[in-house]
Amino acid sequence: MITKRFRSVIFTILLLLGAEGLFANYAFYRIVTNTCKAYRITVREGEMYFGKGENNSDKFYLSVNSNRNNFEMALIVGFVSVGQAIKHQRSLVKKGLIEKSEEPTTAHITVFVPVTRHKMIITASATADQVVKLANGKIDSAEFMRLIKNSMVTL
């Protein structure tokens, strides 16, 4: 028969093994939220999530709201925030705090723009390397927009 103490030890071990992934996702979401908040772009955690693509590559989806005239800034801030979160994940791996980085290969940003009664929707996607370069300042926003122009869709 399994004793209470043995059950609690097993539960603790399972909790610690699973906590690494939870910490990584929480840290990723927190960095994205805080970076957007610094630029006065509001993001709720329900508007961002990890998903699987057609070829089983990890994707990160983020939806943000913009004002009427600053949708380009909201789009860039969304990508910068994902880049900052990826950089943070990589630094946690280097420090040995987590074993595997929870970083997506592609970031998809959706911006809702209140132009008329119905909101205009702009979506774009970029690779993880592109958003990290943008976050590091290795490419400027104009060059980044040229890189992702073929992925942009307006609905």
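How large a share of the accessible area of segment 42-155, in percent, is made up of carbon and sulfur atoms when the probe is 1.4 Å and the other protein chains stay in place? Summing carbon and sulfur atoms, their accessible area is 49 percent of the total for segment 42-155. Neighbours of F50 by Cβ distance under 9 Å: Lys/Arg scored +1, Asp/Glu scored -1, total 0. Computed over segment 64-155, the P(r) tail beyond 15 angstrom holds 60 percent of alpha carbon pairs.
The values are calculated or read from the model by the stated rules, or taken from the named source; none is laboratory data. Everything numeric in this text was worked out from a predicted model, so none of it was measured. So basically every Cβ, Gly included, is an ideal-geometry build from the backbone, and we count neighbours across all protein chains shown. When the accessible area is computed, the model is the full protein with side chains, heavy atoms only, and any ligands, DNA or RNA have been set aside. Shrake-Rupley method; radii C 1.70, N 1.55, O 1.52, S 1.80 Å.
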